[in-house]
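Data first, discussion second: the structure below is written as structure tokens.
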Amino acid sequence: MAHLITTLGPKREDELGMILPHEHIFANFPTGDDAEAKAEDVVTAMLPEVNKAQAGGVTALVDATAVGGARRADILKAVSEAANFPIVVATGIFKEPWKANWVQTFGMDSLCNWMLDELSNQIDNTGVRAGWIKLSAADDGLTAVETTLLYAAACAGRATDATIGSHTVRGRVALDQLDIIEQSGYTPERFIWIHTQMEDDFDLHLEVARRGAWLEYDAIGEHRTDDEYLNWIQRLIAAGLTDRILLSHDRGWYDPLQPDGGVRKPYTYISEVFLPKLRAAGVDESTIRQLTHTNPFRAYAR
Ligand SMILES: [Zn+2]
């Protein structure tokens, strides 16, 4: 049986309700992994945000910070335990030029083995197992290092059934990534196109979804109007692709370089504002449950 691998252990589908598939609890993108913070400070700052999400029906969240964005599994675990709220943690590496230097010297096999170890055992002696693999692609196409990382992710994915999610802003690049995944003997069904909303050409959303991959509209409340998101979602539903859609905010988070972690953005726009709009547009409750519970569970569970 598939489980969501979380900071609070493996969770079955029937143990969870609404799941947010792309948020951040703790991250620092400009300077990456050198950022320092105390777990207790992050818990103090982020517990109210997690509690507000829980009050809106959210039962779990996928944290999308990889190595290169100041991933701290120990901090995510501390927030989880304080809120009794499961968080899915990523292995993998976020984008250039913030990648750790060691990535350049590792080959495909070593990168695959590193991901496999985090997916099968634990991250940095925290007792937290990674749930999925987070990567990125440069805007105009994969760099050499990103290509090696994608082959490594497909290698680790094949062995563990882990999902690969990639920060990818162009549909053409997402299609190239699917080619590599298929060449590696893995499947587009275990690939999430993170930030699909950045691509203006909706035909490319359709093409990626028809190849079996997940589309992730993960800036709900920002970047596009609610009506644009509604229109895309309704067209995907009409095309029989409801089971390929993920919805999230890409919000949060405690930034260790800002005083007191900076200004937090709540994880509540979908439950408080966007879902009522979906209902008002005629989307039925079973479809809403699929979009907010079944789909994110299936996308990440293994
Ligand atoms: Zn993100």
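The values are calculated or read from the model by the stated rules, or taken from the named source; none is laboratory data. Just so we're clear, the structure is a prediction, and the values are computed from it rather than from any experiment. FYI the Cβ positions are ideal-geometry reconstructions off the backbone, even for glycines, and counts take in every protein chain you see.
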Exercise for the section: Go through 60, 78 for me and flag whichever is more than 16 Å from the ligand (Cβ to nearest atom), without any contact (Cβ under 8 Å) to a residue 40 or more places away in the chain and farther than 13 Å from residue 253 by Cα. Expected result: 78
Exercise for the section: May I ask you to verify whether residue 138 is surrounded by fewer than 24 Cβ atoms within 10 Å (Cβ to Cβ), small (Gly, Ala, Ser) and outside any helix (DSSP H, G or I)? Expected result: yes
Practice task
Can you confirm whether the range 188-206 contains a residue that is within 16 Å of the ligand (Cβ to nearest atom) and at positive phi?
Solution key: yes
Completion exercise
Among residues of the range 160-176 being in a helix (DSSP H, G or I) and touching a helix residue (DSSP H, G or I) at 6+ places or on another chain (Cβ under 6 Å), the residue nearest to residue 191 (Cα to Cα) is 174
Exercise for the section: Would you tally the residues in the range 41-77 being more than 19 Å from residue 125 (Cβ to Cβ) and not β-branched (Val, Ile, Thr)? Expected result: 18
Exercise for the section: Evaluate the range 258-275: report whether one residue or more is within 19 Å of residue 290 (Cβ to Cβ), modelled with pLDDT of 95 or more, touching a helix residue (DSSP H, G or I) at 6+ places or on another chain (Cβ under 6 Å) and within 15 Å of the ligand (Cβ to nearest atom). Expected result: no
Exercise for the section: Could you tell me whether the range 54-77 includes any residue that is among the hydroxyl-bearing types (Ser, Thr, Tyr) and over 16 Å from the mean Cα position of the chain (by Cα)? Expected result: no
Handout entry: Positions within the range 1-26 being over 13 Å from the mean Cα position of the chain (by Cα) and assigned to a loop (DSSP other than H, G, I, E, B), in sequence order
Key = 1, 2, 3, 7, 8, 12, 16, 17
